[in-house]
Number of protein chains: 2
Amino acid sequence: MNKQHDVCEVRAINKKKVKSVKQLMLTDNEANSLSGTFSVLADPTRTKIIYALSNDELCVCDIASILGMSVSAISHQLRILRNMRLVKFRKESKMVYYSLDDEHITTLFNEGLNHIRE
Amino acid sequence: MNKQHDVCEVRAINKKKVKSVKQLMLTDNEANSLSGTFSVLADPTRTKIIYALSNDELCVCDIASILGMSVSAISHQLRILRNMRLVKFRKESKMVYYSLDDEHITTLFNEGLNHIRE
DNA sequence: TTTATATTTGAACATATGTTCAATTGATTA
DNA sequence: TAATCAATTGAACATATGTTCAAATATAAA
């Protein structure tokens, strides 16, 4: 920690603003939860999976085929989407069929899609 | 590439579904652009910065003070937000004041915030 | 039971990302 | 001019993340 850092971390330029914004500031938990939510959508493989599932319920093998990727890679990503409750699944014999489970995030997803497409 | 992969990448379970979803599928560019958009919001420091700037125009030093982080770390993150046109800035003597610049993403940001808060 | 197949899993690997540290730039002031 | 300060930058470092590979599960069929 050198002098420059001390100055800027301890003495703010506009103390009133700093104080008032500090009071409103997100907690670490809120910021982590918020950025964590966006992180789920921050990978092209996952956005493709979500997009694919927005059209149809699909098994792992078909998702892999659609994306042209290995089954293992898709399965790893599906686990992340499962843990975040973004997708649900049902088993039918050997196969596992995935579908979307979270309306909020798919709304977010579609807003993002509109954003890049307009 | 072993046998298992070949089977699942070449032969899909439900060929019709796979073919139709494949035709609708996002291009790599679209998927990268979409996930890239979400990536900007996928870091707690950046979400805090955006949140702070949604309240007020702020200089780098004050943002650092509000977040309790080094000026350098904040400046690096502001560069990312600048490159993505999420924030704009004006110079006033030695100081640089940042403010939000992109309505679309701040809408996205607020939707995410509602999502985690409800 | 043995074989085949759909999926999951863990470890290894490479790459991407965020922060720190030190140095630099640009503007102000003594 | 020299000194000071806000901000930026690049390199180094540690950590996180995504894919691959090999092995393990689980279910169905021969």
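Just so you know, all these numbers are worked out from the coordinates, no wet-lab data involved. All figures in this text were calculated on a predicted structure; none of them were measured in a lab. Note: ideal-geometry Cβ built from the backbone for every residue, glycine included; neighbour counts use all protein chains shown.
Observations, loosely collected:
- Applying the criterion of being more than 9 Å from DNA strand D (Cβ to nearest atom) and over 21 Å from A:K22 (Cβ atoms) to the residues of the stretch B:49-99, the residue that is farthest from the other protein chains (Cβ to nearest Cβ) is B:K88.
- Scan of the stretch A:59-118 for residues that are in a loop (DSSP other than H, G, I, E, B) and not hydrophobic (A, V, I, L, M, F, W, C), ordered by number: A:G68, A:S70, A:R85, A:S93, A:K94, A:D101, A:D102, A:E118
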